[in-house]
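Participant: One structure, as structure tokens, below. Some questions next.
Rule-based calculations on the coordinates, nothing more; no lab input. Since we're looking at a predicted model, the values are computed, not measured. No Cβ is skipped: glycine too gets one built from the backbone with ideal geometry, and neighbour counts run over all protein chains shown.
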Amino acid sequence: MKKPVVHIVHHVDTEGPMCEPLSELFTRVGQTLGVELDFLPTQQNLELLQSASCVFKDKETDMLLKKIIDPALLSFNKSWYEVEEMLDRILSAEYRNEFKDSFGNGWIYNWHLLDHVGFTTNPRRRELGYSGVFNFFLDKLKATKSDQDSTQWHFHPVPFNKAANISATSYLNSTYELSQVVCRRLIDANWFPVVNRAGFHTVRPDSNWWLEQWLPFDASNQSLQNDNTAFADNINGRFGDWRGAPDDWSLYNPDLYDWRKKGSLKRTIARCLNMNTRFRNISVQEFKKAFELAKSTEKDVYVGFTNHDFREMSTEIELVHGMLSEAAKDYPEVDHKFSDTISAFRACIGYDNEEISKEKLQLSAELSGTTLKVKVENGDLFGSQPFIAIKTVSNTYHTDNFDFGEPDSKEFYYTFDYLTFNLEQLKTVKVAANDKYGNTSIVTVNL
Ligand SMILES: [Zn+2]
């Protein structure tokens, strides 16, 4: 008899190299703790703080400080050279196979690729621009034949001061950048996202609704019973607010008005905790909860965890794998499997393979005169309309709404004329969509 499987899904918020000069670090410490830090930002003072038994009178602040300046959390991959050196190690078959799942297979990564766009200042020297991080990783994964890995969606909304190191939550304030990223990836790389990892772990109503149009899967829930909200930068649910969402590793469909509640939206949200950060970390206890759920329900369970490529990932992988092994040994009646995120969602929701291929979404697109007709030839759309990406002869990228055909016709229309673009202004037009199983259909319009 087939045992239930705990799917071990490693999501990487993939953002390229990052530097943190000492002045930036000392500012961040002050802002995160909500205190005035009366030290000059020098290496000597940092080491002093790291070795001091007590800095603040308040014990809790002292403990939080220790977590932020933990040397393991301060070692960054500062250049592409350092990122590449790490990738060459951890993408190798040799490294992946140091960790074997119940089926004898090695470690799998899910790379959520970020474009740092819309920013005007860049104190941490990140890779700014469209497709910078994206192209590097696509090339690297191809060169290392990392076909078992998947590439997915990650987006950082643009903050008011447009600094690349500042967190923000509003998709609506960033719609230009958002559309540009999707259009450019679709047109230039034939790529369309299926699984979201929320930037700064944060979903809000506007991103909840945007995602619901295109992406059937979302690994962003960080609900934790004893959530540590003591950090000043996370108080009152500021960033990554998952209070009230399921914390037992079950999947759920969110509510239209509140992404944390169970509701009638079609997107499926999985839980995804951090790997060795200052809070919301995965633990042996959390792994045991997942194995227990699989054992009691006899169903597959999704366990997501996440880190960044700007830190040395092997240390965090080895730490988390140790936790997994410790938990797994108590559950011989449950298997565990390193999974790509789409396969894991499918298995845990309970879609069978025959259904997934029989119902596979297939779009067609035909230009007749100035009217583009897009039809769902097989299966069903996940969201309400396909995504259209337009590249003009002046190399600008655009998206727009479709006109809907007759109700239930599964047809969509777009007219190219003086109100949009005339045909002679077009270079490339592509249309993409997903179905609820995470199948993607992309068609290029014959101009
Ligand atoms: Zn991020």
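Participant: Output yes when any residue across the stretch 56-74 is within 16 Å of the ligand (Cβ to nearest atom) and not polar (S, T, N, Q), and no when none is.
Facilitator: yes
Participant: Separate question: Restricted to the stretch 1-23, and to residues that are of a type in the set (A, V, I, L, M, F, W, C) and not in a strand (DSSP E or B), which residue is nearest to the ligand (Cβ to nearest atom)?
Facilitator: Filtering first and then ranking leaves MET18.
Participant: While we're on this one: Within the stretch 335-357, does at least one residue satisfy the condition of being among the charged types (D, E, K, R), out of contact with any strand residue (DSSP E or B) (no Cβ under 6 Å at 6 or more places or on another chain) and either assigned to a strand (DSSP E or B) or crowded, with 19+ Cβ neighbours inside 10 Å (or both)?
Facilitator: Yes, the stretch 335-357 has at least one match.
Participant: Of all residues in the stretch 36-66, how many are touching a residue at least 40 places away in the same chain (Cβ under 8 Å) and aliphatic (A, V, I, L, M)?
Facilitator: 1
Participant: Looking only at the stretch 410-421, filter to residues that are assigned to a loop (DSSP other than H, G, I, E, B) and touching a residue at least 12 places away in the same chain (Cβ under 8 Å); which one of those is surrounded by the most Cβ atoms within 10 Å (Cβ to Cβ)?
Facilitator: This residue is PHE416.
Participant: Can you tell me which residue in the stretch 98-140 is farthest from VAL158 (Cα to Cα), limited to those that are within 16 Å of the ligand (Cβ to nearest atom) and among the small types (Gly, Ala, Ser)?
Facilitator: Looking at the filtered set, the residue picked out is GLY132.
Participant: Ok, one more. Quick one: how many residues across the stretch 52-85 are of a type in the set (Gly, Ala, Ser), more than 19 Å from ARG278 (Cβ to Cβ) and loosely packed, with under 14 Cβ neighbours inside 10 Å?
Facilitator: 1
Participant: TYR302 fails exactly one of the following numbered conditions: (1) of a type in the set (Ser, Thr, Tyr); (2) buried (at least 22 other Cβ atoms within 10 Å of the Cβ); (3) within 16 Å of the ligand (Cβ to nearest atom). What is the number of that condition?
Facilitator: (3)
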